[in-house]
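To start, the structure under review is shown below, and the notes come after it.
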Amino acid sequence: MKRDGTPGKAPERKTAGKREKEKQVMELMIRLYCRKNHGERRKKELYSLGSAEVPGHGQTGDELCSECRALRDYAMLRIEKCPFMETKTFCSNCRVHCYRAEMREKIREVMRFSGPRMIFYHPVMAVRHVVSSIREKKRMEREERQ
Ligand SMILES: [Zn+2]
C-alpha cells in the first residue's frame with residue numbers, strides 16, 4: 001500500500017483525486033462484469049487475433065472483451081470530461097446523465113451485476129462507494145427541498 005499524500009488542500013487536487021477514484025471503481029466493475037459474463041467471448045476474440053496472451057492468465061494484458069473495452073473507454077472519457085466532478089461523488093448518482101442512452105444501459109447492467117459483488121472482491125472500495133453514494137443522495141434531497 002502506498003501513501004501518496006492525497007489530502008491536498010487545493011480543490012483541483014481533490015477533484016482530480018475523485019476523478020481517479022471514480023475511474024478506478026468503474027474499471028473494476030467493468031472488469032468484474034466482463035470476466036464473469038464475457039469470458040468465452042473474450043477467449044474467442046483473443047484467439048481470432050492470434051494473441052499470444054493466455055486467457056485468464058496474468059494481470060498485464062487488457063482483460064476486457066472488445067465491447068467492454070469500448071464501454072470502459074467511453075466511461076473514462078465521460079469521467080474525464082465531467083464538469084460536475086467537484087460537486088458530486090459518482091456518476092451513478094449524478095443528475096445530469098451525460099451517458100449516451102445505449103452506453104447508459106450498458107453501464108447500468110454492469111453496475112447491477114458488479115455493484116453487489118464489489119463487496120466480496122473489493123470490500124473497502126465498495127463500502128466507500130456506498131457511503132459516499134448515500135451521503136450524496138441525502139445532499140441532493142436536501143437541495144431539492146430548498
Ligand atoms: Zn465484456
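Just wondering, is there one or more residues in the range 67-79 that are over 15 Å from residue 133 (Cβ atoms), touching a Cys at 6+ places or on another chain (Cβ under 7 Å), within 16 Å of the ligand (Cβ to nearest atom) and at pLDDT 70 or above? Within the range 67-79 (the criterion being over 15 Å from residue 133 (Cβ atoms), touching a Cys at 6+ places or on another chain (Cβ under 7 Å), within 16 Å of the ligand (Cβ to nearest atom) and at pLDDT 70 or above), the answer is yes, since at least one residue qualifies. Of all residues in the range 1-38, exactly one satisfies the criterion of being of a type in the set (Val, Ile, Thr), within 15 Å of the chain's Cα centre (by Cα) and either at pLDDT below 75 or within 14 Å of residue 65 (Cα to Cα) (or both), namely 30.
The values are calculated or read from the model by the stated rules, or taken from the named source; none is laboratory data. The model shown is predicted, which means the values in this text are computed figures rather than measured ones. Because the Cβ atoms are built from the backbone with ideal geometry, glycine has one as well, and the counts that use them run over all protein chains shown.
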